[in-house]
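Novice: Supplied in structure tokens, the structure appears directly below.
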Amino acid sequence: MGADNQTWVREFILLGLSSDWDTQVALFILFSVTYLLTVLGNVLIVLLIRLDSRLHTPMYFFLTNLSLVDVSYATSIVPQMLVHFLAEHKGIPYVSCAAQLFFSLGLGGIEFVLLAVMAYDRYVAVCDPLRYSVIMHGGLCARLAVTSWVSGSVNSLMQTSITFQLPMCTNKYIDHISCELLAVVRLACVDTSSNEVAIMVSSIVLLMTPFCLVLLSYIRIVSTILKIQSTEGRKKAFCTCASHLTVVVLSYGMAIFTYIQPNPSPSVLQEKLMSLFYAILTPMLNPMIYSLRNKEVMGAWQKLLGQLSGLTSKLAA
């Protein structure tokens, strides 16, 4: 840019959660443990699905994708945050900041579309069980998964491009734990109304549209479950959806609260807490929710542990 006050910023400074050293060390320990649990939980879920042939179904194919998205999302934010807890200089290069925004925003969008796809899978399983295997064939599952990844990535590429075309002047302090979209846009020294419109449109397309599809799916699912005569049948049908429904409430609820609301915008503290929720809490909870609330997954865990126990006994003999 020509004028001195319109120069490109080469590095941003992330202000993070706290400037107190003792607090930062405590947060480093807490989030290190949480991140390790997140990676371990999601990797184990993926391995379990791969190893147990009983889990080679559309539902668990999509769950594999969800676990990969969760661990990737956490990895796009948490390691850098952990480094900054112990670093005196909390800078992040301009290019690294753009990359972080691209990956975190893209993976978030992928998860929202993927949750809608999983809701459709549950809808077919409950409302049209006799044709489930015919409708949810491998080709359709692959196309739905690819659509999720492509739509989230394309949206992120567009948002990242228009955000980092904004002149930041000398503004380089990001009051956030990462290069989050709203936090970066606030640094611009020009009118950002077009960016705010783009964010709103993006939120409607990749957040509210999938959410409405999930809502419609569950209205049909609940309607079908209520028509089932036996209590055991209703309980079984509900159990097939319980894990997914829990994840849906957690993910969509917090995102809608952050991005779809009338002015004033959420406070900086709210935005930080939301980012922590998506980067740390949700990716850690999802494997637990699907493990503890799902009999098939619990059965697969018991089978795997039994096999490992038997192998250990043979080696020790």
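Novice: I'd like the residue in the range 219-239 that is touching a residue at least 12 places away in the same chain (Cβ under 8 Å) and of a type in the set (A, V, I, L, M, F, W, C) and, out of all such residues, is nearest to CYS127 (Cα to Cα). Spell out how you get there, then give the answer.
Specialist: Just the residues of the range 219-239 that are touching a residue at least 12 places away in the same chain (Cβ under 8 Å), to begin with: 220-221, 224-225, 237-239.
With the extra rule that they be of a type in the set (A, V, I, L, M, F, W, C), the set shrinks to 221, 225, 237-239.
Working: ILE221: 6, ILE225: 8, ALA237: 10, PHE238: 12, CYS239: 14 Å.
Result: ILE221.
Novice: Hey, among ALA188, ALA99, ALA119, which residue is of a type in the set (Gly, Ala, Ser), touching a residue at least 12 places away in the same chain (Cβ under 8 Å) and over 30 Å from LEU216 (Cα atoms)? I'd like the intermediate steps shown before the answer.
Specialist: Numbers: ALA99 fails: touching a residue at least 12 places away in the same chain (Cβ under 8 Å); ALA119 fails: over 30 Å from LEU216 (Cα atoms).
From the options ALA188, ALA99, ALA119, the qualifying one is ALA188.
Novice: Looking at this structure, is ILE110 among the β-branched types (Val, Ile, Thr), open to solvent by less than 10 Å² (accessible area, probe 1.4 Å) and closer than 17 Å to ASN155 by Cα? It would help to see each step written out before you state the result.
Specialist: Details: among the β-branched types (Val, Ile, Thr): yes; open to solvent by less than 10 Å² (accessible area, probe 1.4 Å): yes; closer than 17 Å to ASN155 by Cα: yes.
For ILE110, the condition - among the β-branched types (Val, Ile, Thr), open to solvent by less than 10 Å² (accessible area, probe 1.4 Å) and closer than 17 Å to ASN155 by Cα - is met.
Novice: Give the range 201-239 a look and list any residue that's polar (S, T, N, Q) and within 30 Å of SER153 (Cβ to Cβ), or say none. Even if it seems obvious, please write down each step before you answer.
Specialist: Going residue by residue through the range 201-239, those that are polar (S, T, N, Q) are 202-203, 209, 217, 223-224, 229-231.
Selection gives SER202, SER203, THR209, SER217.
Novice: Still on this structure, please answer the following. What is the one condition in (1) part of a helix (DSSP H, G or I); (2) of a type outside the set (Ser, Thr, Tyr); (3) in contact (Cβ under 8 Å) with a residue 60 or more places away in the chain that ASN155 does not satisfy?
Specialist: Answer for ASN155: the failing condition is (3).
Novice: In the list VAL83, VAL43, which residue meets the criterion of being within 23 Å of GLU180 (Cβ to Cβ), aliphatic (A, V, I, L, M) and in a helix (DSSP H, G or I)?
Specialist: On the way: VAL43 fails: within 23 Å of GLU180 (Cβ to Cβ).
Of the residues listed, the single one that is within 23 Å of GLU180 (Cβ to Cβ), aliphatic (A, V, I, L, M) and in a helix (DSSP H, G or I) is VAL83.
Novice: Hey, among the residues in the range 158-173 that are of a type in the set (S, T, N, Q) and either under 23 Å from the mean Cα position of the chain (by Cα) or open to solvent by less than 70 Å² (accessible area, probe 1.4 Å) (or both), which one's farthest from ALA98 (Cα to Cα)?
Specialist: Pass one, the range 158-173, residues of a type in the set (S, T, N, Q): 159-161, 163, 165, 170-171.
Pick out the ones that are also either under 23 Å from the mean Cα position of the chain (by Cα) or open to solvent by less than 70 Å² (accessible area, probe 1.4 Å) (or both) and you get 159-161, 163, 171.
On the way: GLN159: 10, THR160: 7, SER161: 9, THR163: 9, ASN171: 15 Å.
Residue satisfying both the conditions and the ranking: ASN171.
Novice: Next question, about the same structure. Of the residues PRO266, PRO262, which single one is surrounded by fewer than 13 Cβ atoms within 10 Å (Cβ to Cβ), out of contact with any His (no Cβ under 9 Å at 6 or more places or on another chain), part of a loop (DSSP other than H, G, I, E, B) and at pLDDT below 80?
Specialist: Numbers: PRO266 fails: surrounded by fewer than 13 Cβ atoms within 10 Å (Cβ to Cβ).
Step by step, each of PRO266, PRO262 is checked, and only PRO262 is surrounded by fewer than 13 Cβ atoms within 10 Å (Cβ to Cβ), out of contact with any His (no Cβ under 9 Å at 6 or more places or on another chain), part of a loop (DSSP other than H, G, I, E, B) and at pLDDT below 80.
Novice: Conditions first: (1) at pLDDT below 95; (2) out of contact with any Lys or Arg (no Cβ under 7 Å at 6 or more places or on another chain). TYR123 passes all but one, so which condition is the exception?
Specialist: Among (1) at pLDDT below 95; (2) out of contact with any Lys or Arg (no Cβ under 7 Å at 6 or more places or on another chain), the lone unmet condition for TYR123 is (2).
Novice: Can you tell me which residues in the range 114-150 are within 25 Å of ILE280 (Cβ to Cβ) and open to solvent by 20 Å² or more (accessible area, probe 1.4 Å)?
Specialist: Of everything in the range 114-150, just one residue is within 25 Å of ILE280 (Cβ to Cβ) and open to solvent by 20 Å² or more (accessible area, probe 1.4 Å), namely TRP149.
Novice: Is it fair to say GLY91 is in contact (Cβ under 8 Å) with a residue 40 or more places away in the chain, open to solvent by less than 30 Å² (accessible area, probe 1.4 Å) and touching a Leu at 6+ places or on another chain (Cβ under 6 Å)?
Specialist: Numbers: in contact (Cβ under 8 Å) with a residue 40 or more places away in the chain: yes; open to solvent by less than 30 Å² (accessible area, probe 1.4 Å): yes; touching a Leu at 6+ places or on another chain (Cβ under 6 Å): no.
Considered against the rule, which asks whether it is in contact (Cβ under 8 Å) with a residue 40 or more places away in the chain, open to solvent by less than 30 Å² (accessible area, probe 1.4 Å) and touching a Leu at 6+ places or on another chain (Cβ under 6 Å), GLY91 comes out as no.
Novice: Which residue is most open to solvent (accessible area, probe 1.4 Å), if the candidates are limited to the range 269-295 and must be assigned to a helix (DSSP H, G or I) and at pLDDT below 70? First the steps, then the outcome.
Specialist: Taking the range 269-295 and keeping what is assigned to a helix (DSSP H, G or I), we get 269-292, 295.
Narrowing the set further to residues that are at pLDDT below 70 leaves 292, 295.
On the way: LEU292: 131, LYS295: 171 Å².
Across the range 269-295, the extreme among qualifying residues is LYS295.
Novice: Which numbered condition trips up ILE219, out of (1) under 30 Å from HIS89 (Cα atoms); (2) within 25 Å of the chain's Cα centre (by Cα); (3) loosely packed, with under 13 Cβ neighbours inside 10 Å; (4) of a type in the set (A, V, I, L, M, F, W, C)?
Specialist: Tallying (1) under 30 Å from HIS89 (Cα atoms); (2) within 25 Å of the chain's Cα centre (by Cα); (3) loosely packed, with under 13 Cβ neighbours inside 10 Å; (4) of a type in the set (A, V, I, L, M, F, W, C), ILE219 fails exactly one: (1).
Novice: Being part of a helix (DSSP H, G or I), open to solvent by 60 Å² or more (accessible area, probe 1.4 Å) and in contact with a helix residue (DSSP H, G or I) (Cβ under 8 Å, 6 or more places away or on another chain), is that true of even one residue in the range 176-192? Talk me through it step by step, then tell me what you get.
Specialist: So in the range 176-192, the residues part of a helix (DSSP H, G or I) come out as 181-185.
Still in the list and also open to solvent by 60 Å² or more (accessible area, probe 1.4 Å): none.
No: zero hits.
Novice: So how many residues does the range 229-243 have that are over 23 Å from LEU115 (Cβ atoms) and open to solvent by less than 50 Å² (accessible area, probe 1.4 Å)?
Specialist: So the first thing to find is which residues in the range 229-243 are over 23 Å from LEU115 (Cβ atoms), and the list is 229-235.
If we keep only those that are open to solvent by less than 50 Å² (accessible area, probe 1.4 Å) too, we end up with 233.
So the count comes out to 1.
The values are calculated or read from the model by the stated rules, or taken from the named source; none is laboratory data. This one's a predicted model, so the numbers in the text were calculated from it and none came from an experiment. Please note: Cβ atoms are built from the backbone with ideal geometry, for glycine as well, and neighbour counts cover all protein chains shown. SASA here: full protein model, heavy atoms, side chains in, ligands and nucleic acids out. Shrake-Rupley method; radii C 1.70, N 1.55, O 1.52, S 1.80 Å.
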